[in-house]
1. Taking the range 130-158 on its own, how many of its residues are closer than 22 Å to Met174 by Cα and crowded, with 16+ Cβ neighbours inside 10 Å?
2. Can you say whether Ile226 is under 22 Å from the mean Cα position of the chain (by Cα), modelled with pLDDT of 80 or more and not assigned by TED's automatic domain parsing to the domain that holds Leu415, as far as the supplied structure shows?
3. Right, Val416: closer than 18 Å to Gly447 by Cα and part of a strand (DSSP E or B) or not?
4. Just checking, how many residues over the range 318-373 are touching a Gly at 6+ places or on another chain (Cβ under 9 Å), surrounded by 15 or more Cβ atoms within 10 Å (Cβ to Cβ) and of a type in the set (Phe, Trp, Tyr)?
5. Please enumerate the residues belonging to the range 105-114 that are surrounded by 14 or more Cβ atoms within 10 Å (Cβ to Cβ) and in a helix (DSSP H, G or I).
6. Is there a residue being assigned to a strand (DSSP E or B) and modelled with pLDDT under 90 anywhere in the range 150-171?
7. Give me the residue from the range 293-317 that is more than 13 Å from the chain's Cα centre (by Cα) and not polar (S, T, N, Q) and, out of that set, surrounded by the most Cβ atoms within 10 Å (Cβ to Cβ).
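The values are calculated or read from the model by the stated rules, or taken from the named source; none is laboratory data. Since the model is a prediction, treat every value here as computed from it, not as a measurement. Because the Cβ atoms are built from the backbone with ideal geometry, glycine has one as well, and the counts that use them run over all protein chains shown.
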Amino acid sequence: MKNKVQKARPPIVAILGHVDHGKTTLLDKIRSTNLVDREAGGITQGIGAWQVETKKGEKVTFIDTPGHAAFQKMRERGARVADLVILVVAADDGIMPQTVESLQYIKESKTPFIIAITKTDLKTAQSERVKTQLVDNGVSLEGHGGDIVVVEISSMTGKGVEDLLEMIALVAQMNEIGAKTDLPTEAIVIETVLDRRRGPVVHVVVREGILKVGDVVGTNGVTGRIRGLFDEHQKPVNMAGPGMPIAILGFETIPPVGLPLTPAENEMAAKIDTKRVIPKGDNPSIILKTDTAGSLEALVPQLADKVSTLQEEVGDVSESDVLMAASTKVPIIGFNVRVSKSAQRLAENEHVDIHTYSVIYELLQDLENWFKDDEADEKILGKAEIVAEFPHNKKRIAGCRVTEGRITRSDRLRLVRGDEVLSNVHIASLKKQKIDIDKAEIGEEFGILFDPQFDFQVGDMLESVQN
């Protein structure tokens, strides 16, 4: 059976570009709202989708992606989801590092794009210099032997904004953006949020077909029956068609962002655990809590060279987080999350440090400063060699011999293989001849069970480190 004729649908448009080059201000002007002033630190620190209607009655769905380097993955995801990209370049700054990154994403995804030169109302604006820079970076502009459209705009005065919307409609028509009416439903997961009252809220943009209340949908093994659909204004709707941004209620767990959401046969598919406990790296450890899966995905790579994330999870700081932090002697770092009163009281009793942030620059800077000081004061208290391995209740016990100093049950240990520090490790139990012990001295042999388990080898060394 042949596919039915494509019907025009609102193009899905991503706004990419360098931080402070006017992406959110442009969207603000288009939507005639005031999102910019509400963003902490002047950064749009989430990813959202909105639908607007032009003066000619044509609808356009916009995806806003943050400009800070930490949100590289979110910008990359925006480029993959979109039918069309608007690359904003400030007339005063010109091409910047994130401009080049965005161009790379656009080229890799083969997404049609338009250049919007912003801030043209400034006295320091140099639009022609920007065009030359773009050509030098391989962009074939109109007027320079190519066909990439350039629109000069000012979000402050409104100059060029309507021209930009018209060009979006024109480029969408030229690229035959549409949706076949008989194809299976497909929506792209843009963001997920763990709401305190409603549970997981999954934000999507519908690309094909129709989503309806009662449908069973899934992605990557996570399924849910839709019990509520809400438009961008938080109004309940019964269905959502192609090009429409929508929030879905009905998932029990949080699905991964950036993946297609499609009809599922039933709700028995395997679930993905959004709490990941991962020992890694030789850096000091933290427990990381964020407001959304997108924030988690964006933050973890930025933290990799500073700290190891012992636990990564979406949601507010809870008592269980505090207990984990107390048992592993690590701080809790929260991004755009709250700390319950009970968790705060428990943290005070257990002497657990909790630090929350709404601005990413401050979070990264504080971590760098804290652990820079810690490294200067580091002292090795003892070393032990792993000389044997014993299975025990589907777990692995490391048989060790103390070669220097001493090893105690409360120590912070790190695993060393050759000259490379592989991981921070935590002691679940310390035994000598099946008897629990608190300490092993030089020359003594003992067994150690790690929590969580990890892949050690005979010959690896354990170092007890004190800050």
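1. Adding up the residues that qualify gives 7.
2. Spelling it out, it is not the case that Ile226 is under 22 Å from the mean Cα position of the chain (by Cα), modelled with pLDDT of 80 or more and not assigned by TED's automatic domain parsing to the domain that holds Leu415.
3. Taking the combined requirement at face value, the residue satisfies it.
4. 1
5. Passing the criteria: Tyr105, Ile106, Ser109.
6. no
7. Ranking the candidates gives Val317 first.
Residue-by-condition table, conditions (1) in contact (Cβ under 8 Å) with a residue 24 or more places away in the chain; (2) in contact with a His (Cβ under 9 Å, 6 or more places away or on another chain); (3) buried (at least 17 other Cβ atoms within 10 Å of the Cβ); (4) closer than 15 Å to Ala91 by Cα:
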position	(1), (2), (3), (4)
Ala116	yes, no, yes, yes
Thr124	yes, no, no, yes
Glu128	no, no, no, yes
Gly160	yes, no, yes, yes
Glu166	yes, no, no, no
Glu176	yes, no, no, no
Ala187	yes, no, yes, no
Ile190	yes, yes, yes, no
Leu194	yes, no, yes, no
